[in-house]
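This report refers to the structure that appears directly beneath it.
The values are calculated or read from the model by the stated rules, or taken from the named source; none is laboratory data. If you're wondering where the values come from, they're calculated on a predicted model, not measured in any experiment. All Cβ positions, glycine included, derive from the backbone under ideal geometry; neighbour counts span all protein chains shown.
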Amino acid sequence: MKVTRHFARRFRLLKLLRGSLGLGALYNLAAAVALVAIPGLSQRLGGSPARHEGAVLWMAALMLAMLALLYGMAAHDPRRYSGIILVAIGGRLAGGLVLGVWAAARPELGGLWALAAVEGALGLTHGVTWIPLRI
């Protein structure tokens, strides 16, 4: 492979990685806002009892917002924040798996399938674009 083709491929992968991390940040931020702005959303999607409304949802929203900021940092400078990217890959893939298992075990939680698909797709995209840059 020519040197120029090699670098062009790496820059293309880097651009895709930064885009997927930015998309992950937006997804987390939207989830954080939705948790506090749409009453009962967590109960409809995940079947969580109503007693978890309030402080627990606000804390979950805060954690998602913090995660969105970390994703934004990694999207801005993937080389510097590669540890965040590694955690994001593993976390997204594990999240997709957990949500899929939960949705399969309880058919009334069918709304979790879409979330599992998004989590898995983001994890795969992060991995497919990041791992070749590290080799």
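Selection of the stretch 36-80 for residues being among the small types (Gly, Ala, Ser) and modelled with pLDDT under 85 yields Gly40, Ser42, Gly46, Gly47, Ser48, Ala50, Gly54, Ala55. Identify, please: which residue in the stretch 1-44 is of a type in the set (Phe, Trp, Tyr) and without any contact (Cβ under 8 Å) to a residue 40 or more places away in the chain and is, among those, farthest from Gly96 (Cα to Cα)? Checked the stretch 1-44; the qualifying residue farthest from Gly96 (Cα to Cα) is Phe7.
A search for C-beta distances below 6 Å between a residue of the stretch 107-126 that is in contact (Cβ under 8 Å) with a residue 60 or more places away in the chain and any residue that is aromatic (Phe, Trp, Tyr) and part of a helix (DSSP H, G or I), counting only pairs 6+ apart in sequence or on different chains, returns Leu112/Trp102.
Per-residue answers, yes or no, for (1) assigned to a helix (DSSP H, G or I); (2) in contact with a helix residue (DSSP H, G or I) (Cβ under 6 Å, 6 or more places away or on another chain):
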position	(1), (2)
Met63	yes, no
Leu67	yes, yes
Ala74	yes, yes
Pro78	no, yes
Ile85	yes, yes
Ile89	yes, yes
Val101	yes, no
Leu115	yes, yes
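Figure legend. Inter-residue proximity from the stretch 66-89: first residues over 16 Å from Pro132 (Cα atoms) and without any contact (Cβ under 8 Å) to a residue 60 or more places away in the chain, second residues among the basic types (Lys, Arg) and part of a helix (DSSP H, G or I), beta-carbon distance below 7 Å, spacing 6+ or different chains. Indicated pairs: Ala75/Arg18.
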